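Scroll down for the structure; my scribbles are underneath it.
The values are calculated or read from the model by the stated rules, or taken from the named source; none is laboratory data. Just so we're clear, the structure is a prediction, and the values are computed from it rather than from any experiment. Every residue, glycine as well, gets a Cβ built from its backbone with ideal geometry; the counts of neighbours run over all protein chains shown. Accessible surface areas use protein heavy atoms only, side chains included; no ligands, DNA or RNA. Shrake-Rupley method; radii C 1.70, N 1.55, O 1.52, S 1.80 Å.
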Amino acid sequence: MATIKKHRLYIFIAAGLLLFAFIFYYFTERTSMTYGNDEPSITKVIQSLDGYDGKQIEILEITDFHDNRVAAFLADNKPGYIQFTRNSEGNYEWRTTENGGNPLFAKGYLD
């Protein structure tokens, strides 16, 4: 009888540890995410993307419409834009980025 109680205790402790690990991972992962909620965070998101690290970023304009946010910027004086979508918590999550290296963007076809 004592071994059954001992096994139940071990299972309970293991389940508790797994639950704690899941909750810890879930909340630290979500709180460490950078959103496009303001100009400094938009700059931080851009600089975290491949090809933009170490570049001088200048935000030119931020435009909101419905649940979308688009920010025009210069990366080392090359034009680009980044798009965010508002999530259920009201934070703007990164969706896409285009820059002057795209021939359609450079020719002005994306008006």
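V45 - would you say it is modelled with pLDDT of 90 or more, among the aliphatic types (A, V, I, L, M) and not in a strand (DSSP E or B)?
It is true that V45 is modelled with pLDDT of 90 or more, among the aliphatic types (A, V, I, L, M) and not in a strand (DSSP E or B).
So T85 clears everything in (1) touching a strand residue (DSSP E or B) at 6+ places or on another chain (Cβ under 9 Å); (2) assigned to a helix (DSSP H, G or I); (3) not aromatic (F, W, Y) except one condition, right? Which one?
Evaluating T85 over (1) touching a strand residue (DSSP E or B) at 6+ places or on another chain (Cβ under 9 Å); (2) assigned to a helix (DSSP H, G or I); (3) not aromatic (F, W, Y) leaves (2) as the failure.
Mind checking whether some residue in region 64-71 is exposed (fewer than 11 other Cβ atoms within 10 Å of the Cβ), more than 18 Å from G100 (Cα to Cα) and at pLDDT 90 or above?
Of the residues in region 64-71, the ones exposed (fewer than 11 other Cβ atoms within 10 Å of the Cβ) are 65-66.
Checking the rest, the ones that are also more than 18 Å from G100 (Cα to Cα) come to 65-66.
Okay, now just the ones that are also at pLDDT 90 or above, so 65-66.
Yes - at least one qualifying residue is present in region 64-71.
Taking interchain pairs and intrachain pairs at least six residues apart, which have beta carbon atoms under 8 angstrom, with the first residue in region 38-53 and open to solvent by 80 Å² or more (accessible area, probe 1.4 Å) and the second part of a helix (DSSP H, G or I)?
D53/Q47
Could you grab me the full set of residues in region 62-77 that are under 14 Å from D38 (Cβ atoms) and of a type in the set (D, E)?
D64 - this is the single residue of region 62-77 that is under 14 Å from D38 (Cβ atoms) and of a type in the set (D, E).
Taking the stated definitions as given, is L60 in a helix (DSSP H, G or I), of a type in the set (A, V, I, L, M) and open to solvent by 60 Å² or more (accessible area, probe 1.4 Å)?
No, not satisfied.
Can you name the number of the only condition in (1) closer than 13 Å to N99 by Cβ; (2) surrounded by 15 or more Cβ atoms within 10 Å (Cβ to Cβ) that K78 fails?
(2)
Looking at E93, E98, which one is modelled with pLDDT under 90 and open to solvent by less than 70 Å² (accessible area, probe 1.4 Å)?
Among E93, E98, only E98 is modelled with pLDDT under 90 and open to solvent by less than 70 Å² (accessible area, probe 1.4 Å).
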